[in-house]
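**Student:** This is the structure I have questions about; it appears just below.
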Amino acid sequence: MPSQILLATHINAPVEKVFDIARNIDVHVESTKHTGERAIAGRTSGLIELGETVTWRAKHFGIWQNLTSKITEMEYPNYFTDIQLEGAFKNFTHEHYFYPILNQTMMRDIFSFKSPCGIFGDAVNYLFLSNYMTRLLLKRNEVIKQIAEATQ
């Protein structure tokens, strides 16, 4: 059974700025530095675009892992979607939505994922992976918010 994480982050910055910060490879690396994450193939810095891929290398649960994702949908500055092509998940889809509110932004994440290993994977999701991924996404969103609001 797939798991889903829903997040909403209010950011005091224009939607175009937040959109670009959210798809910036260098910002992503900054937000995940506690995992040693870095981009090792595909787009490795700057703004990722529609159709591009990035391969990440990071340490999660004490194990170095690679994950390749691709931007499959993008409408500037309203949304973009990335999906896993290769990696530890059976699959994942991360939808990023950006809603302008006056000169501010509501950023919304919908992260849907499925672990491998059937019922065992479902148990892993329930017991700890959903919480782990939520914390990872919240940290990412906090870094996006800090950068967007600091450069007004």
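Quick note: the coordinates plus some simple rules give every number you see, no bench work behind them. Please read all numbers here as calculations on a predicted model, not as lab measurements. Cβ: placed from backbone, ideal geometry, glycine included. Neighbour counts: every protein chain shown.
**Student:** Which one, 74, 47, 34, is farthest towards the positive end of the dipole of the chain when Lys and Arg carry +1 and Asp and Glu -1 on their Cβ?
**Tutor:** Final value for the positive-end residue is 34.
**Student:** Once the Cα atoms of helix 130-150 and of the chain are each reduced to a long axis, what angle between those two axes, in degrees from 0 to 90 to the nearest 10, is obtained?
**Tutor:** 20 degrees
**Student:** Quick check: residue separation of residue 12 and residue 128 times 0.36 nm, minus the Cα distance between them. What number comes out in nm?
**Tutor:** Values: separation 116, 0.36 × 116 = 41.76 nm, distance 3.19 nm.
Full extension from residue 12 to residue 128 adds 38.6 nm.
**Student:** Okay, helix-only estimate at 222 nm for the chain: each DSSP H run of n ≥ 4 adds -39500 (n - 2.57), divide by all residues, round to 500 deg cm²/dmol; what do you get?
**Tutor:** That calculation yields -8500 deg cm²/dmol at 222 nm.
**Student:** Let me ask you something else. Cα atoms only, the chain: Rg and Dmax in Å?
**Tutor:** 15.1, 47
**Student:** Within the range 1-22, list the residues whose amide N lies under 13 Å from a label point set 7 Å along Cα→Cβ of residue 97.
**Tutor:** 6-9
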